[in-house]
Amino acid sequence: MRFEYSPAPESRAIVTLRDSYGLFIGGAFVPGSSVFKTISPASEEVLAEVTHAGPEDVDKAVAAARQAYERTWSVMPGRERGKYLFRIARLIQERARELAVLETMDNGKPIRESRDVDVPLAAAHFFYHAGWADKLGYAGFGPSPRPLGVVGQVIPWNFPLLMLAWKVAPALACGNTVVLKPAETTPLTALLFAEICQQADLPPGVVNIVTGDGATGQALVAHPGIDKVAFTGSTEVGKEIARACAVSGKRVTLELGGKAANVVFDDAPVDQAVEGIVNGIFFNQGHVCCAGSRLLVQESVHDDVLAALRRRMGTLRLGDPLDKNTDVGAINSRAQLDKITELVSTGEAEGAARWSAPCPLPDRGFWFAPTVFTEVSQAHRIAREEIFGPVLSVLTFRTPAEAVEKANNTPYGLSAGVWTEKGSLILWMASRLRAGVVWANTFNRFDPSSPFGGYKYKESGFGREGGRHGLEAYLDVTGSADV
Ligand code: NDP
């Protein structure tokens, strides 16, 4: 049953957009070489003009970060650094509504998600790492782990503020300084975060933000003044970065793509599993590296699960991301919409059966209806490639061994889900699934204390973010006796 709701739009009045934003270097906003525009993907309206950082701007940002590292941040006691991180965390909480509305305007994700997931988790990451800042000697890396230096961080457009928090909070807690490049289509919350750094009186140069495109990212990772690179994005670019850093000896962590299997056994409670499937693939329009984009359902319950899933998909509300009732927002960019459309056409051409939720799409902006493909074979592109959109490919299995075989039949290895009432089956599956994270009877759960990252030898990247394990990526532990 579908209830009709009156529109409940969140007000934009809390956000003060500037016409033009500079680069955040050395604690101040400064002009750069050229400018570009950032738009709302839901309306295609221009939101602001943003500065494109060229190599000389990146150079200035790295120099500012180096100076702050040497003179201030690396020599400051951990308990003092912790105070700044606590202050930033509290300011994120205080300005939560503003950050959530701005994120939704620039990214297209539903306000319900930016308000209830992205922003609270971003604050939680700063709180969590603030607590580590004066306890690094007790984290299991020896008594005196040292910071690495200046960190270059490149992040994508799917969780702009949250990915910033995943990168900046551990780097700062460990005593490093950073130069961060947000994605071209979603720079605004990173620039608001720069204002928060000013408000927190963070020493100039500890955080620097250079907006721009792929070329800016390339200039940053290639810069000789960078000691460590942290990247989240596509596997293709990740490989390029790994190659670029291989000859320089820079430390690198990569968080790349995924094609996660969400495995539903015949004893799973169907309604709960369907909620998990919906959350797994339609959360954030499927723009999630660990999205449950391949549903593996036990053959005996296939028809029941699919019928319940279609019913549930029919109740999803797609539209204005600022409306508090909206479940599915806008696709982040025209380029991403084209990519999704192309892969979906391939799915149809290769013989899979498509069903899309019958929801009207707005006239302006970039939209794609929640879609499910059945009759999918493992050879189909929609079963192998990351679509990064609200598109689910369904395959079936008969035995747990077949489920493992099919789930692992992917070059990726970021996440997986298992739905069953049997604890023993969960453990059996979890020990065989080649994925960095395995969720049991839930999906897409995140916590700052829980490490996240790709499975060794597969193509979802390496290194961990979050938890005690995530600290290691930002520390030089070679001189520490207990390692
Ligand atoms: P990219 O990997 O190209 O972008 C991620 C970040 O890297 C952005 O800030 C981007 O800048 C920057 N970048 C691009 N090229 C380089 C380079 N050569 N050196 C350094 N930095 C670079 O992802 P896209 O946005 O192009 O998305 C393409 C596909 O990648 C998606 O369809 C999706 O499948 C996948 N993807 C996966 C993500 C994940 O979390 N695993 C996140 C985003 C995308 P700019 O934005 O300006 O291009």
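Over the stretch 260-359, what is the relative contact order in whole percent, taking alpha-carbon pairs under 8 Å and six or more residues apart?
Values: 95 pairs, mean separation 25.5, N = 100.
That works out to 26 percent.
Write down the percent of antiparallel bridges among all DSSP beta bridges whose residues are both part of the chain, to the nearest 5.
On the way: 20 of 60 bridges.
Expressed as a percentage, antiparallel bridges in the chain total about 35.
Restricting to DSSP H runs of at least four residues, report the calculated mean residue ellipticity at 222 nm for the chain, -39500 (n - 2.57) per run over all residues, nearest 500 deg cm²/dmol.
Numbers: 15 runs with 171 residues, N = 483.
Roughly -11000 deg cm²/dmol at 222 nm, from the helical runs in the chain.
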> Between Lys83 and Ser144, how many nm apart are label points set 7 Å from Cα along the C-beta direction?
Replying inline: 2.4
>> Please return the longest range in the chain lying between exposed loop sites, taking chymotrypsin sites (Phe, Trp or Tyr not before Pro), DSSP loop only, at most 10 other beta-carbon atoms within 10 Å, and leaving the sites out.
In response: 4-456
>> Cα atoms only: what Rg and Dmax, in Å, come out for the stretch 132-173?
In response: 12.7, 37
> Taking only the alpha-carbon atoms of the stretch 335-395, what semi-axes of the equivalent ellipsoid follow from 5 times the gyration tensor eigenvalues under a square root, in whole Å, largest first?
Replying inline: 20, 13, 9
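If you roll a 1.4 angstrom probe over the protein chains with everything in place, what fraction of the accessible area of the chain belongs to carbon and sulfur, to the nearest %?
Details: 9600 of 18570 Å².
Here it works out to 52 percent.
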> Sequence-distant or interchain residues sharing an amide H contact under 5 Å with Leu47, placed H: which?
Replying inline: Thr38, Ile39, Ser40
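Taking only the Cα atoms of the chain, how large is their convex hull per residue, in Å³?
About 137 Å³ per residue, rounded to a whole number.
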>> Could you give each residue of the stretch 204-210 its phi-based ³J(HN,Hα) in whole Hz, using Karplus coefficients 6.51, -1.76, 1.60 with θ = phi - 60°, and x for Gly or Pro?
In response: x, x, 5, 10, 10, 10, 10
>> With just the Cα atoms defining each centre, how far is the stretch 168-183 from the stretch 395-469? Give it in Å.
In response: 28
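When a/c reaches 1.5 or more, the comparison of a/b and b/c decides; with that in mind, is the stretch 427-466 rounded, prolate or oblate per its Cα gyration tensor?
Values: a/c = 2.21, a/b = 1.05, b/c = 2.11.
Here the stretch 427-466 falls in the oblate category.
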>> Could you check the spin-label model distance between Ser234 and Val30? Points 7 Å from the Cα along Cα→Cβ, value in nm.
In response: 3.2
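May I ask you to derive the relative contact order of the stretch 17-102, considering only C-alpha pairs under 8 Å and at least 6 residues apart, and to give it as an integer percent?
Values: 75 pairs, mean separation 18.6, N = 86.
So the answer I get is 22 percent.
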> With every protein chain present, what is the per residue accessible area of the stretch 262-374 (1.4 Å probe, Å²)?
Replying inline: 35
>> Whole-Hz ³J(HN,Hα) for each residue in the stretch 25-38, computed from phi via Karplus 6.51 cos²θ - 1.76 cosθ + 1.60 with θ = phi - 60°, x for glycine and proline: what do you get?
In response: 10, x, x, 9, 7, 10, x, x, 6, 8, 10, 9, 10, 10
> From the Cα gyration tensor of the stretch 38-117, with a ≥ b ≥ c the square roots of its eigenvalues, which class applies: rounded if a/c is under 1.5, or else prolate if a/b is larger than b/c, or else oblate?
Replying inline: oblate
> What does a probe at Ala430 reach in the stretch 241-266, counting residues whose amide N is under 12 Å from the point 7 Å along Cα→Cβ?
Replying inline: none
> Each residue of the stretch 43-53 in order: what ³J(HN,Hα) in whole Hz does its phi give by Karplus 6.51 cos²θ - 1.76 cosθ + 1.60, θ = phi - 60°, with x for Gly and Pro?
Replying inline: 10, 6, 6, 6, 8, 6, 9, 10, 7, 8, 8
>> Please compute the per residue accessible area over the stretch 423-468 with all protein chains in place, 1.4 Å probe, rounded to a whole number of Å².
In response: 52
>> I want to check the label-to-label distance for Ala246 and Glu4. Put each point 7 Å from Cα in the C-beta direction and report it in nm to one decimal.
In response: 6.1
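Dividing the alpha-carbon Rg of the stretch 227-314 by 2.2 N^0.38 Å yields what?
Working: Rg = 18.3 Å, N = 88, 2.2 N^0.38 = 12.1 Å.
This ratio for the stretch 227-314 stands at 1.51.
Using a Förster distance of 35 angstrom, determine the FRET efficiency expected from the C-beta separation of Glu94 and Tyr457, and round it to 0.05.
Working: r = 44 Å, r/R0 = 1.25.
That gives a FRET efficiency of 0.20.
Given C-alpha coordinates of the stretch 130-266, what is the ratio Rg to Rh with the Kirkwood estimate of Rh?
Details: Rg = 16.1 Å, Rh = 16.0 Å.
Dividing the radius of gyration by the Kirkwood radius yields 1.01.
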> Given charges of +1 on the Cβ of Lys and Arg and -1 on the Cβ of Asp and Glu, with all other atoms neutral, how large is the dipole of the stretch 433-483 about its Cα centre, in debye to the nearest 20?
Replying inline: 280
> In the stretch 211-268, what is the volume of the convex hull around the alpha carbon atoms, normalised per residue and reported in Å³?
Replying inline: 118
>> Can you give me the long-range amide H partners of Leu295? Hydrogens built in the peptide plane at 1.01 Å from N, cutoff under 5 Å, separation of 5 or more residues or another chain.
In response: Asn262, Ser393, Val394, Leu395
>> Explain nothing, just the number: relative contact order of the stretch 418-483, from Cα pairs under 8 Å at least 6 residues apart, as a whole percent.
In response: 21
> How much length is gained on full extension from Glu299 to Ala440, taking 0.36 nm per residue of separation minus their Cα-Cα distance?
Replying inline: 48.8 nm
> Around Glu459, which amide H atoms from residues at least 5 apart in sequence, or from another chain, sit under 5 Å from its own amide H, with H modelled in the peptide plane?
Replying inline: Tyr412, Gly413
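The values are calculated or read from the model by the stated rules, or taken from the named source; none is laboratory data. As the structure is a prediction and not an experimental result, all values here were calculated from the model. When we count neighbours, we look across all protein chains shown, and the Cβ atoms used for this are built from the backbone with ideal geometry, even at glycine. Heavy atoms of the whole protein, side chains included, go into the accessibility calculation; ligands, DNA and RNA do not. Shrake-Rupley method; radii C 1.70, N 1.55, O 1.52, S 1.80 Å.
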